[in-house]
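First comes the structure, then the notes that go with it.
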Amino acid sequence: MSVIEKGVRYAVMVQSLLQMNTIFISIIIEALPFIVLGVFISAVIQMFVTEEMIAKVMPKNRFLSIAFGTGMGALFPACECGIVPITERLVRKNVPLSAAIAFMLTGPIINPVVIFSTFVAFGDSWKMALLRCGLAIFTAVLTAIAISYFFSENQLREFVEAKLHHHGHDHEAHDKPNFLQKITGTIDHAIDEFFSVGKFLVFGGLISAAMQTFFRTSTLLSLGQTKMAAILIMMLLAFIMSICSEADAFIASSFNGMFGTSAILAFLVFGAMVDIKNLLMMMHSFKRKFVFSMIGLIIVFVFTGAFLI
Amino acid sequence: MLRFIVLFGFAYFFMKLHATGDISKYINMKYAYLSFSMIFAMGFLCLYQLVKWVRAGNEVHDHHHAAYHGHSHETDENTWYKKMFTYGMILIPVVTGIFLPVATLNSTVVKAKGFHFSMIDNDKDQYANHQILRPNSSLYYDKDQYTEMESSDLKKYSKLQSIVLDDDHYFHGLETIYNYPGNFIGKKVAIKGFVYRTDDIKANQLFVLRFGIIHCIADAGVYGMLVDFPDNMANVKENTWIEVEGKLDTTYYTPFKENIPYLKVTSYHKSSEPKDPYVYRQYN
């Protein structure tokens, strides 16, 4: 290899790294506002919502509570990574696991911002936006119902639980905090959470950027010849690309010519429920076995749902 | 203290992005208000952390106080290496974002990325071609709307004797020309972009391209035209920015297996990279 050739290779390598950094930064910039919103909502729930309040409004019936969780998800303007800390907080506040999961899976898709961006990205048409919501509800409800049968406990990681118990006693020993203390407590919580969730965002963003830089999407796309393969490929792509659900519709629509509605839909729904960065966050909050079973269920339901459309 | 630095870093980073306008290289400006609001959110958290830190220095650590809050993740960060990991990790985007230059996608990337020119050679993937050179926005509209937009664009550009493909007209103008090359044969077209060369073009030919963004940098495509010069262009380096003016004609381009419009250059000169190297599609 000549010196010049070596030089060229080196330059290409540096260029690729800068490229990867640019993709990485754009993922971070896109997601960060939603993370901050998410940790604040989570902190507000921690400080202002008590377990009694939740026990009062939460229906006792399995199906009603799942329906309730789905409905709550529709009210939250969160994306798939911002919603994980909120969900963890809800489970800690004794929200039934299945309802919290229904909430976590619908939250990133059924909200005004995401619906609107999907509407715009697909040429001001409601078809894709509605199909996306439909498949999201279908997947979330079925996954949550399955979870309610398979998993009885809250499935939080042990050390998280242990800590909770410990502090539960602490709380009893002291007076209730006043309003100002609650406010500062909220901000402290939000900052704590920001740092704990932020590292997963960064890590996931790095992996995703590296894969997009050094891995040719064309190789992947050329595999998606049949409808079934196309759906699976698009789900994998959504997982790898880790685009915020607030923004992924624009990316998805650029695949419109290559793949059919089913595959695009699978991309839009699966990517908003599971991707690299939120997988890391979920594994931090919940038991591994639970997270993987849940993802398995999501894959099955998204795939079947998309295939039948 | 560490937290203060990280939060300050983020606030500064977002401020820098907006002050220099670099933000447009990362995301579509339609969503800029979100990251703009982050300057204030991060700034506030940073000040809050500073006040807290100063106060903690003044008083002995209050355990009663700590019981109300701050328990959720402290155990994650109680050892020095875990602290290092958390803060080190979160500092990565701040440091690389501030200190590394923005890699504006250039032709090295066109080759390395998913939609690159080598893909044209293996013609299995017939759709991939449309993402290069030729903008095809029909995917973003339903059929009637697209036809409507197409015909209004055609009317608009047919009236003109010379078409300047500047930032405002790049996507619409180029798309119209690619859709109806016959209507524009002989017309004057001006285009500015960076130089790209493939193996299958002649020594006096170059591609003049620009990266276009539909939503964010992850979906950037590369659009432009084949250009035919009166001189041998072999010594012009790739990535050089160039402005060309010429008459439109069509040619059969073997790799695409179709006729594509190209420019027969009447005048050209080297140019500097524009402030914003990307073009964005205008929705109207």
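Coordinate-derived values only; no laboratory data. All values reported here derive from a predicted model rather than from experimental measurement. We place every Cβ from the backbone using ideal geometry, glycine too, and count neighbours over all the protein chains shown.
Taking 20 Å as the cut-off for C-alpha to C-alpha distance, list the pairs among A:LYS56/A:LYS182; A:LYS93/B:LYS82; B:LYS247/B:LYS270 that go past it.
A:LYS56/A:LYS182; A:LYS93/B:LYS82
Work out the FRET efficiency for A:PHE307 and B:GLN282 from their Cβ-Cβ distance, taking R0 = 51 Å, and round it to the nearest 0.05.
Taking R0 as 51 Å, the efficiency between A:PHE307 and B:GLN282 is 0.85.
Once you have the Cα-Cα distance between A:ILE183 and A:PHE292, take 0.36 nm times their residue separation minus that, and quote the gain in nm to one decimal.
Once the chain is fully extended between A:ILE183 and A:PHE292, it gains 35.6 nm.
I'd like the mean, over residues of B:86-94, of how many other protein chain beta carbons sit within 10 Å of each residue's own Cβ.
Average neighbour count from other chains, rounded to a whole number: 6.
Which one of A:ILE110, A:ILE86, A:ILE251 has the biggest mean-square fluctuation once chain A is modelled by GNM with Cα springs under 10 Å?
Ranking A:ILE110, A:ILE86, A:ILE251 by mean-square fluctuation puts A:ILE251 first.
In the P(r) worked out for the stretch A:3-308, what percent of Cα pairs fall beyond 35 Å?
Tail fraction, whole percent: 22.
Could you work out the mean projected area of the convex hull around the alpha carbons of the stretch A:14-167, in square nanometres to one decimal?
Mean projected area for the stretch A:14-167: 11.8 nm², to one decimal.
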